[in-house]
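See below for the structure under consideration.
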Amino acid sequence: MANLEGKTCLVTGATSGIGKEIAMGLAKMGATVVLVGRNRERCELALQEIKAEINPAMEDKRISYLVADLSSQTSIRQFAKQYTDAHQRLDVLVNNAGVFLAKRATTVDGIEYTFAVNHLAPFLLTNLLIDIIKASKPSSRIITTSSVAHRGAQIDFDDIQFEKRPYSGIKAYAQSKLANILFTKELARRLEGSSVTANCFHPGAVRTSLAQGKNPWYYRLIWTAAGSFFLSPEKGADTAIYLASSQDVNGITGKYFVRRKQVNPSIDADEKEAAAKLWSISEKLTSM
């Protein structure tokens, strides 16, 4: 097991599922871990569960949380300031939070919800925290949760928010996961020559609360029933923990991983022009 003592890690979507297991794994390696969730009660519950697992006999002050609504750009900006005001370094950023919506919805910023949370939130948060990430020597890592669902997807730059074409939850989710890979590749290109690496991964088909929440009851029922066939969140978190901690990936950047192995993503995920165009659109949508 790697030793992450002295390292600070930030994990979004950390109150349940893969995110909580990523946070747990990093904490077990000695890292200072900051959980991010949108509900204070769920953050507190996850915090206590992780602390109990790490050190049942005493309080572990290395583990803390901050509340942020990743569907709101104002909340993301406030959260980023909170983090930089309270911490001096950020060695590992794990952009893990994600949603799947069966019906189209928009955020408080008027942006299609899936694209906003799954892509624009990590784009904005990463850019807001990039200075502290770069300053965290000797090196730091940015990890984003993508999915095999990106295969077969394309970015429709003429209708990226499903304003003209019929909305499909599956297509919106797949597009956002393709965006995660394009973002990672363009980020890695922009960070060339720095001590920061950026990679993404597919966690596997994992039993999580991804399709819960805003979806109709029948979606939630199907998702729950299918859960017995999925991987456990602990297994789904394994590749992220590996990317955050292993010396095997020192200096490796802009790659897509599945089960700890580099895997070629879809042809569309390797389009440099699409990655640059997505970055430009994302800057405009987040006023960066």
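Descriptive notes on the structure:
- Picking from residues in the range 231-269 that are among the acidic types (Asp, Glu) and out of contact with any Asp or Glu (no Cβ under 8 Å at 6 or more places or on another chain), the one that is nearest to Met24 (Cα to Cα) is Asp238.
- Candidates Ala80, Ala97, Ala102 - the one that is of a type in the set (A, V, I, L, M), under 27 Å from Ile181 (Cα atoms) and modelled with pLDDT under 95: Ala102
- Residue in the range 117-157 that is farthest from Phe201 (Cα to Cα), counting only those that are free of Cβ contacts under 8 Å to residues at least 60 places away in the same chain and of a type in the set (Gly, Ala, Ser): Ala135
- Inter-residue pairs, beta-carbon under 6 Å, first assigned to a loop (DSSP other than H, G, I, E, B) and in the range 260-277, second of a type in the set (Lys, Arg), 6+ apart: Ser266/Arg151
- Residue match in the range 28-38 (condition: over 16 Å from the mean Cα position of the chain (by Cα), of a type in the set (A, V, I, L, M), surrounded by fewer than 23 Cβ atoms within 10 Å (Cβ to Cβ) and not in a loop (DSSP other than H, G, I, E, B)): no
- Residues in the range 56-113 that are among the small types (Gly, Ala, Ser) and either surrounded by 14 or more Cβ atoms within 10 Å (Cβ to Cβ) or not in a loop (DSSP other than H, G, I, E, B) (or both): Ser64, Ala68, Ser71, Ser72, Ser75, Ala80, Ala86, Ala97, Gly98, Ala102, Ala105.
- Selection count, the range 7-27, where residues are charged (D, E, K, R) and either assigned to a helix (DSSP H, G or I) or touching a strand residue (DSSP E or B) at 6+ places or on another chain (Cβ under 6 Å) (or both): 2
- Out of Lys171, Lys164, Lys134, Lys185, sole residue that is among the basic types (Lys, Arg), closer than 29 Å to Ser232 by Cβ and modelled with pLDDT of 95 or more: Lys171
- Exclusive hit being under 19 Å from the mean Cα position of the chain (by Cα), part of a helix (DSSP H, G or I) and surrounded by fewer than 20 Cβ atoms within 10 Å (Cβ to Cβ), set Ala188, Ala149, Ala179, Ala172: Ala149
- Pairs where the first residue, in the range 23-47, is more than 19 Å from Tyr242 (Cβ to Cβ) and the second is surrounded by 23 or more Cβ atoms within 10 Å (Cβ to Cβ) and basic (Lys, Arg), C-beta under 8 Å, 6+ apart: Leu35/Lys20; Ala46/Lys20
- Residues in the range 54-69 include at least one that is within 15 Å of the chain's Cα centre (by Cα) and either among the aliphatic types (A, V, I, L, M) or modelled with pLDDT under 95 (or both).
The values are calculated or read from the model by the stated rules, or taken from the named source; none is laboratory data. Here the structure is a predicted model, which means the values were calculated and not measured. Virtual Cβ from ideal backbone geometry, glycine too; neighbours counted across all protein chains shown.
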